[in-house]
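Here's the structure, in structure tokens; my notes come after.
Derivation of every value follows stated rules applied to the coordinates shown; laboratory data play no part. Just so it is clear, the model here is predicted, and its values are computed rather than measured. Don't worry about glycine lacking a Cβ; one is built from the backbone with ideal geometry, like all the others, and counts go over all protein chains shown.
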Amino acid sequence: MRIAIASDHAAFELKAELREYLIALGHEVADLGPDSADRIDYPDYGYKLAAVVADGTVERGVALCGSGIGISIAVNRNPACRCALVTEPLSAALAREHNDANCIAFGARLTGIDMAKACLDAFLTTSFGGGRHGPRVDKLSNPQLQQG
């Protein structure tokens, strides 16, 4: 699978570890930066990640910052992206199965490497369930489809 990964300075080390883990699993990984732990603005990297997911350059995205909140908000500004901030494998699997999430976010100050790997495994091996979830997911990118 083609996967992009991006972070802010607070998650630089977690990004490096997860990049190597994904490569070891056989995935093609695009590291969108940053290239050091120097202070940067997480929205810039969230927008970069969202752009390559939205245009189909990659199939999935991994977004990281100190809490995971800010960068996930930035990614979700792109209507083609569904970025789920997760803390354990069940929420990662449900993000895929129910919400067809194409990006996952972690907070480096809140999630350890082993838990992040377990979440990635669940996220990358779970398929979208479709069915009753399909119309709901369609509404996530198309608010005009809402009823009432």
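Brief remarks on what is shown
- Within the listed set THR111, THR87, THR125, the Gaussian network model of the chain (springs between alpha-carbon atoms below 10 Å) gives the highest mean-square fluctuation for THR125.
- Partners of LYS117 within straight-line reach, counting lysines whose Cα lies under 23 Å from its Cα and excluding those fewer than 8 residues away in the same chain: LYS15, LYS48.
- Region 47-114 shape via C-alpha gyration tensor axes, a/c threshold 1.5: oblate
- On Cα atoms only, tilt of 12-24 relative to the major axis of the chain in degrees: 70 degrees
- Percentage relative contact order, region 2-145, counting C-alpha pairs under 8 Å, at least six apart: 23 percent
- Cα shape, the chain, gyration tensor, a/c 1.5 rule: prolate
- Contour excess over end-to-end distance, with Cα ends at ALA118 and LEU94 and 0.36 nm allotted per residue: 7.3 nm
- Here PHE123, PHE106, PHE128 are placed in order of increasing Cβ neighbour count within 10 Å, fewest first, which gives PHE128, PHE123, PHE106.
- Once the Cα atoms are used to define both axes, helix 89-99 deviates from the longest principal axis of the chain by about 40 degrees.
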